[in-house]
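The values are calculated or read from the model by the stated rules, or taken from the named source; none is laboratory data. A quick note: this is a predicted structure, and the numbers were derived from the prediction, not measured. For neighbour counting, all protein chains shown are included, and Cβ atoms are generated from backbone atoms with ideal geometry for every residue, glycine included.
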Amino acid sequence: MKAVILCGGRGTRMREETEFRPKPLVEIGGMPILWHIMKIYSHYGVKDFVLCLGYKGHMIKRFFLDLEVYNRDVTFNPKTKELVHHYPQDVEDWNITFAETGQDSLTGSRIKQVEKYIDEENFFLTYGDGVSDIDINDLLQFHLKQGKLGTVTAIRPVARFGALSINNGIVVDFTKKNIMHGNRVDGGYFAFNRRFFDYLSADKSCALEDEPLKNLARDNQLVAYSHKGFWQCMDIPQHLDYLNEVWNKGEAPWKKW
C-alpha cells in the first residue's frame with residue numbers, strides 16, 4: 001500500500017515559518033515534520049509515498065534529493081564532484097512520487113490528481129502537518145474488517161486552554177495543563193479503498209472535507225477508527241513549540257523508530 005500525503009497548503013496561520021518554505025518542511029528536532037510522518041509510516045513497513053505538492057513544492061523535492069547530505073558531515077570537491085560521507089549512510093529506503101497538484105488546488109482535487117499513481121486496492125492518506133503514535137497496521141486491519149470505502153482516525157484533541165474547577169464560586173483547582181475535549185474530531189491518518197476516487201473531482205475547488213467525505217458518510221461508507229493515544233497537528237506556532245519541546249526532552253510519543 002502507498003501513503004498519500006497532502007503537502008500543498010500555504011500554512012497561513014504559521015506565516016513566520018511558512019513565508020519562505022512549505023509547512024511540511026517546518027522542523028521538529030532539526031528534521032521536517034513531513035520526514036517524521038513518513039518515519040511513522042515506514043516503521044510499519046509503508047515505504048511507498050505519493051506527495052501532493054503545491055506551495056513551494058520544489059523545496060520539498062530538493063530536501064529529499066539532498067537527503068543523504070542533510071544534517072550530516074560531508075566533504076565535497078566542486079571540481080571532481082567527489083562527495084565523502086563522514087558517517088555511515090542511513091538514508092531512508094523510500095520510494096517517493098512527487099506529484100505537482102497545483103498552487104491553489106484544495107485537498108480533494110490534489111488527491112484526485114494522484115489517482116493514476118494508486119494501483120493497489122487500498123491506500124493511506126494523511127495531512128502533512130500532524131504526528132501521532134497511531135498503529136498503522138491496526139488502522140489497516142480495522143479498515144479491511146469494516147469493509148467500507150473510507151476510514152478516518154477519530155481523536156480527542158487537546159483543548160487550547162487549561163481548566164478551572166469551580167465550586168460555589170470558589171476556584172478549587174487552577175491548572176494550566178492541557179485537557180482533552182469530549183468530542184472526537186478528524187485526525188487525518190485515513191485509509192481508503194480506491195473506489196473513493198469516484199467521490200472526488202480534479203477541479204481545484206474540490207475539498208476533501210466538504211462534499212467527498214459528506215457524501216461518503218451519506219452512503220454509509222465512512223467509519224471511524226478511534227485512537228486514544230497521542231496526536232498533535234501543527235496549526236499555529238505554539239504547536240510547533242510544543243512538538244519541539246517534547247522531542248528535545250526525548251519524550252516524543254510518535255517516535256517509534
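Count of the stretch 49-76 residues, restricted to those that are assigned to a helix (DSSP H, G or I), modelled with pLDDT of 95 or more and among the β-branched types (Val, Ile, Thr), is 1. Of all residues in the stretch 243-257 being at pLDDT 95 or above and aromatic (Phe, Trp, Tyr), which is surrounded by the fewest Cβ atoms within 10 Å (Cβ to Cβ)? Checked the stretch 243-257; the qualifying residue surrounded by the fewest Cβ atoms within 10 Å (Cβ to Cβ) is 247. Restricting attention to the stretch 14-70, the residues that are hydroxyl-bearing (Ser, Thr, Tyr) and either buried (at least 21 other Cβ atoms within 10 Å of the Cβ) or touching a Gly at 6+ places or on another chain (Cβ under 9 Å) (or both) total 3. Counting the residues of the stretch 99-137 that are outside any loop (DSSP other than H, G, I, E, B), touching a Lys or Arg at 6+ places or on another chain (Cβ under 9 Å) and surrounded by fewer than 22 Cβ atoms within 10 Å (Cβ to Cβ) gives 4. Would you check if there is a residue in the stretch 122-136 being in contact with a His (Cβ under 6 Å, 6 or more places away or on another chain), touching a residue at least 40 places away in the same chain (Cβ under 8 Å) and among the β-branched types (Val, Ile, Thr)? Checked against the condition, which is being in contact with a His (Cβ under 6 Å, 6 or more places away or on another chain), touching a residue at least 40 places away in the same chain (Cβ under 8 Å) and among the β-branched types (Val, Ile, Thr), the stretch 122-136 yields at least one hit.
Within the stretch 84-97, how many residues are at pLDDT 85 or above, part of a strand (DSSP E or B) and either touching a helix residue (DSSP H, G or I) at 6+ places or on another chain (Cβ under 9 Å) or within 30 Å of residue 4 (Cβ to Cβ) (or both)?
Keep residues of the stretch 84-97 that are at pLDDT 85 or above, which gives 84, 92-97.
Narrowing the set further to residues that are part of a strand (DSSP E or B) leaves 84, 95-97.
Next, only the ones that are either touching a helix residue (DSSP H, G or I) at 6+ places or on another chain (Cβ under 9 Å) or within 30 Å of residue 4 (Cβ to Cβ) (or both) stay: 95-97.
So the count comes out to 3.
Counting only residues that are hydrophobic (A, V, I, L, M, F, W, C), under 23 Å from residue 91 (Cα atoms) and touching a strand residue (DSSP E or B) at 6+ places or on another chain (Cβ under 9 Å), the stretch 233-257 holds 3 of them. Among the residues of the stretch 138-153, those that are more than 18 Å from residue 46 (Cα to Cα) and either surrounded by fewer than 17 Cβ atoms within 10 Å (Cβ to Cβ) or in contact with a helix residue (DSSP H, G or I) (Cβ under 7 Å, 6 or more places away or on another chain) (or both) comprise 145, 146, 147, 149, 150.
Where residues in the stretch 81-127 are of a type in the set (Val, Ile, Thr) and more than 28 Å from residue 154 (Cα to Cα), which of them is nearest to the chain's Cα centre (by Cα)? Please lay out each step first, then the result.
Initially, the stretch 81-127 is screened for residues of a type in the set (Val, Ile, Thr), giving 84, 91, 96-97, 101, 107, 111, 114, 118, 126.
With more than 28 Å from residue 154 (Cα to Cα) added as a condition, the list becomes 84, 91.
On the way: 84: 33, 91: 20 Å.
Among those that are of a type in the set (Val, Ile, Thr) and more than 28 Å from residue 154 (Cα to Cα), it is 91.
Could you tell me whether the stretch 138-154 includes any residue that is part of a helix (DSSP H, G or I) and touching a Leu at 6+ places or on another chain (Cβ under 9 Å)? Scanning the stretch 138-154 turns up no residue that is part of a helix (DSSP H, G or I) and touching a Leu at 6+ places or on another chain (Cβ under 9 Å). Here residue 81 meets each of (1) part of a loop (DSSP other than H, G, I, E, B); (2) surrounded by 13 or more Cβ atoms within 10 Å (Cβ to Cβ) with one exception, condition (2). Filtering the stretch 203-237 to residues that are crowded, with 16+ Cβ neighbours inside 10 Å, assigned to a loop (DSSP other than H, G, I, E, B) and more than 20 Å from the chain's Cα centre (by Cα) leaves 204, 221.
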